[in-house]
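Please read the structure below before turning to the comments.
The values are calculated or read from the model by the stated rules, or taken from the named source; none is laboratory data. All values reported here derive from a predicted model rather than from experimental measurement. When we count neighbours, we look across all protein chains shown, and the Cβ atoms used for this are built from the backbone with ideal geometry, even at glycine.
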Amino acid sequence: MTGNQRIHTQAEPYKIKVVEPIKMTTIEYRSKCIEEAGYNTFLLRSEDVYIDLLTDSGTSAMSDNQWAGMMLGDEAYAGSRNFYELEKAVRDVYGFKYIVPTHQGRGAEHIMSQILINKGDYVPGNMFFTTTRLHQELAGGKFVDVIVDEAHIPSNEFPFKGNVDMDKMQKLVDDVGADKIPYVSLEGCVNMAGGQPFSMANLQDLKEFCDKHNILIMLDATRMIENSYFIQQREKGYGHKSVAQILREICDLSDGCAMSSKKDHLVNIGGFLAMNDEEFFRKAKAMVVVYEGLHTYGGMAGRDMEAVARGIREATETDDHVAARIRQTQYLGNRLKDEGVPIILPIGSHAVFLDAKAILPHVDQDEYPAQRLAAELYVESGVRSMERGNVSSGRDPETGKNRRPNLELVRLTIPRRVYTNLHMDVAAEGVFAMMERRNSIKGLKFTYEPEMLRFFQGRFEPVDLV
Ligand code: F0G
């Protein structure tokens, strides 16, 4: 903010000190690259990508303050100073009593699932996330989707598509009994739904329900700062509160969280599990030494913990960072929307999602339209995106069939503080160019299909290959 009412443009709250050159490539070159990568954008080499919108995970630009903190890494095996900085930052900002560091989010999900879930349990959540659900299943649990129906409809503009449907919660309790439900997994800015927030009012209802039935609320706090910003912007009664205050209110209504710091905390690696219950903490500490590392580093170097600690404070000490971050996502989303490209609405926090079913209605979902669209966008423009549809959803473990989710999406994910809006313009124009030839774009079939998390390493070939 300039403090001058006649200046309306809001620019980024930082200036650029270090840059990383990127390579320009040709359509012919990229066609070869995607074929070699088995039409899977995860298998491209990063140096062959012009604008990398694969993920916002671990791809942020750190600040000078975070880099300076890296030089203060205390690499002691036990009791690193940086661990205590991290613990203090989590206590101050999130308010949880106990923290167990992990190398990234899925490390925390693993430990949490193994401790809280018994075989035969049900774990309701506001839509699945790939690694989260897998860890629930590996622990013997069954994920149950309790997100509101609106979340499954790309064009529905409900402002809180991340909300839990309380009727679905009640039905689950009626069907299986509350004692079979250890916790609700509540994600902020629900990734697979398009980066959609839940409201505070919804969390308050959920808390009342869960208290009554003795069910814990465990947050997937990965993008909870961004969720808090949407509450500030959209929910009545929150406009005057800071993002930090709203975040704290969310955490105070829950029992703990699994966190991938690679998103909200502006770092390249890191995460943690946090909770208020001492017994849960004791069990998590016992497990972290088996799978991650000692309980005062959990798979992170001391310098990484320092960068997370500083990132937590930086992302929340004012609202400027998160506002600018979401403004950029809205910028790209609005460019696509204004040209009539079918995208998930409302535009989310971390990414813009193309509706592949609407763009390629002639491609059956079992021929993976979103996977093909991501590959074609790369060839067209050098922009790397990610499939979030039938491939990511995987097969139902009971039937072995593709899950064929309602949402068949291509995610253009915006790293934090990395690209300018001109990069967003190039990405938008890449999508426009692809839209022009969409009628001739066909589907894919697997040539190699991994059993778990198949989207990472699966390989494909076009069904139209002669
Ligand atoms: N929960 C959510 C909502 C996530 O988006 C992710 C990761 C995780 C948990 C797991 O965390 O990667 O640190 O182990 N999402 C990345 C993405 C991979 O691209 O959306 P992790």
Condition check for ALA108: out of contact with any Cys (no Cβ under 9 Å at 6 or more places or on another chain), within 16 Å of the ligand (Cβ to nearest atom) and either within 30 Å of GLU235 (Cα to Cα) or of a type in the set (A, V, I, L, M, F, W, C) (or both): no
Matching entry among ILE181, ILE231 (being β-branched (Val, Ile, Thr) and closer than 25 Å to LEU409 by Cβ): ILE231
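Would you call GLY162 buried (at least 22 other Cβ atoms within 10 Å of the Cβ), small (Gly, Ala, Ser) and part of a loop (DSSP other than H, G, I, E, B)?
yes
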Conditions (1) buried (at least 22 other Cβ atoms within 10 Å of the Cβ); (2) more than 21 Å from HIS152 (Cβ to Cβ): number failed by GLU408: (2)
Filter result for ALA89 (of a type in the set (Gly, Ala, Ser), surrounded by 20 or more Cβ atoms within 10 Å (Cβ to Cβ), assigned by TED's automatic domain parsing to the domain that holds ASN191 and within 16 Å of the ligand (Cβ to nearest atom)): no
Selection from segment 323-350 of residues that are part of a helix (DSSP H, G or I) and buried (at least 24 other Cβ atoms within 10 Å of the Cβ): ARG325, LEU332, GLY333
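Residue-by-condition table, conditions (1) touching a residue at least 60 places away in the same chain (Cβ under 8 Å); (2) buried (at least 21 other Cβ atoms within 10 Å of the Cβ); (3) over 20 Å from ASN118 (Cβ atoms):
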| position | (1), (2), (3) |
| --- | --- |
| ARG133 | no, yes, no |
| GLU137 | yes, no, no |
| GLY140 | no, no, no |
| ASP145 | no, no, yes |
| ASP149 | no, no, yes |
| HIS152 | yes, no, yes |
| ASN156 | yes, no, yes |
| LYS171 | no, no, yes |
Enumeration of residues in segment 131-162 that are within 16 Å of the ligand (Cβ to nearest atom) and out of contact with any Lys or Arg (no Cβ under 9 Å at 6 or more places or on another chain): ARG133, GLU137, LEU138, LYS161, GLY162
Members of segment 60-79 found to be over 29 Å from the mean Cα position of the chain (by Cα) and surrounded by 15 or more Cβ atoms within 10 Å (Cβ to Cβ), listed by number: ASP74
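Would you be able to say whether some residue in segment 279-288 is β-branched (Val, Ile, Thr), farther than 18 Å from GLU87 by Cβ and in the same structural domain as GLU150 (by TED's automatic domain parsing)? Working first, answer last.
Residues of segment 279-288 β-branched (Val, Ile, Thr): 288.
With farther than 18 Å from GLU87 by Cβ added as a condition, the list becomes none.
No, segment 279-288 contains no residue that is β-branched (Val, Ile, Thr), farther than 18 Å from GLU87 by Cβ and in the same structural domain as GLU150 (by TED's automatic domain parsing).
Being more than 11 Å from the ligand (Cβ to nearest atom), within 24 Å of GLY58 (Cα to Cα) and not hydrophobic (A, V, I, L, M, F, W, C) is the requirement here; does SER113 meet it?
Yes; evaluated as a whole, the condition is true for this residue.
Looking only at residues that are out of contact with any Leu (no Cβ under 7 Å at 6 or more places or on another chain) and either within 15 Å of the ligand (Cβ to nearest atom) or modelled with pLDDT under 95 (or both) in segment 381-393, which one is nearest to LEU354 (Cα to Cα)?
Ranking the qualifying residues of segment 381-393, first place goes to GLU387.
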Among (1) touching a helix residue (DSSP H, G or I) at 6+ places or on another chain (Cβ under 9 Å); (2) within 15 Å of the ligand (Cβ to nearest atom); (3) in a helix (DSSP H, G or I), the one test that LEU203 misses: (2)
